[in-house]
Each structure stands twice: as C-alpha cells, then as structure tokens.
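The values are calculated or read from the model by the stated rules, or taken from the named source; none is laboratory data. Keep in mind that what you see is a predicted model, and the values were worked out from it rather than measured. Methodologically, a virtual Cβ is constructed for each residue, glycine included, from the backbone with ideal geometry; neighbour enumeration extends over all protein chains shown.
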C-alpha cells in the first residue's frame, strides 16, 4: 500500500485577478502562500518518498513551502512540464469576465469546462490528459507500485487528468470535478492484479 497526495498550488496572483493563467509563470499571492502552509499542516504525518511538480513557479513554490514545513525538504523532487497547467492559448492573461462579455458566457464555459474543445491556440482537457498520463504512468505510478508515498503539487487541470485516470471518471464526468487551491486529495493505493487500485480517498478540507 502507498499514499498518493494531490495538491493544487496555492492561489496565484492571476487566480486572485480572475485571469486565465495556463503556462504563464505567475507566482503565489499572499493567500496562496498561506494555503501552502495549511496544506503542509494537513499532510505533516505522512512520510513521502518522492515529490513531483510542474515546471511553473506557483506549483514549485507551493511544494517548497510544504516540504520545508513538513521537515521533508531533502526528499527526491522532480519537476516536468508534463504536469503543467492546461495551456489556454489566446486566453492566457485575459480576465475571465471580460472574455465572457466579448465571446459570451456560454462559449467561455465551453472553453473552460468541456473535455475536448480547445480555446483558440490552446489545449483541451483531453489534450492535457494525453500529456499528463504517460508521465504519470512512467514515473509516479511506478513509485506507488514500489510502495513509495508520493506527493504531487500541480494544477487544476493536470491534477484532474490524474484523478480521471485513477478514479475511472468518464469524459463527460471529469469537467464537473473541481479541485480547489491548496486542498489535499489523499488516496490510499493498493494493487489489484499488478495494477493500482484505490483503497480509500479523503479530501482534507
């Protein structure tokens, strides 16, 4: 048995300003720093064998705060753009409310919450899954199958890709899943026929 803890980074400066962020490298807000400390407190009893994060500073900053608070700053940490947020293309940097006025609330909702519709010059959630899951299977899943507890600090959409995979959520169901900033989702994972299976799930509010 091994533990998989998924944490969306703390609030970023552009989350606070209601902007599409995507691959733009924006750091945490003051609230985001507080959320990172809070997430660490909720996970402090778990001894992790490895940690994974994206290539973006808001996720790396959150992970750094958490590991320092938990006294686990020396563990193996891997960062990779495979775990980056969904790339929002032409919407990046734009205010969400302004985009609703320009394109209509329905169109913006489709860009944000459909599974396979891309925003202009960006990625769909399906594209994000196809980027994240090969990395998850080759690295993170391998650690879990070998019995290591793993902490993943990434982004709303890259984490939804992982949740979709391990929980077996449908294409139509995953857009309805919301992962708030700084809130740990903790899975106890076991093996069934040599494959990962969820034994228990807990969301630490």
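Select from the range 44-86 the residues that are surrounded by fewer than 20 Cβ atoms within 10 Å (Cβ to Cβ) and more than 22 Å from residue 149 (Cβ to Cβ) and list them in ascending order.
Selection gives 55, 57, 81.
Quick one: count up the residues across the range 64-86 that are over 22 Å from residue 174 (Cα atoms) and part of a loop (DSSP other than H, G, I, E, B).
7
Hand me the list of helices (runs of 4 or more DSSP H) wholly inside the range 124-175 holding 2 or more residues that are in contact with a helix residue (DSSP H, G or I) (Cβ under 6 Å, 6 or more places away or on another chain) and buried (at least 22 other Cβ atoms within 10 Å of the Cβ).
Working: elements: 125-135, 141-145, 156-167.
Correct list: 125-135, 156-167.
Provide a single number: the residues in the range 176-193 that are in contact with a helix residue (DSSP H, G or I) (Cβ under 8 Å, 6 or more places away or on another chain), in a loop (DSSP other than H, G, I, E, B) and either within 15 Å of residue 151 (Cβ to Cβ) or touching a residue at least 40 places away in the same chain (Cβ under 8 Å) (or both).
Counting residues in the range 176-193 that are in contact with a helix residue (DSSP H, G or I) (Cβ under 8 Å, 6 or more places away or on another chain), in a loop (DSSP other than H, G, I, E, B) and either within 15 Å of residue 151 (Cβ to Cβ) or touching a residue at least 40 places away in the same chain (Cβ under 8 Å) (or both) gives 5.
Which of the residues belonging to the range 7-20 are part of a loop (DSSP other than H, G, I, E, B) and surrounded by fewer than 23 Cβ atoms within 10 Å (Cβ to Cβ)?
Within the range 7-20, 11, 17, 18 qualify.
I'd like the full set of residues that are part of a loop (DSSP other than H, G, I, E, B), surrounded by 14 or more Cβ atoms within 10 Å (Cβ to Cβ) and on the phi < 0 side of the Ramachandran plot, limited to the range 87-116.
87, 88, 92, 94, 114, 115
Can you give me the number of residues within the range 190-205 that are at pLDDT below 95 and closer than 21 Å to residue 7 by Cβ?
2
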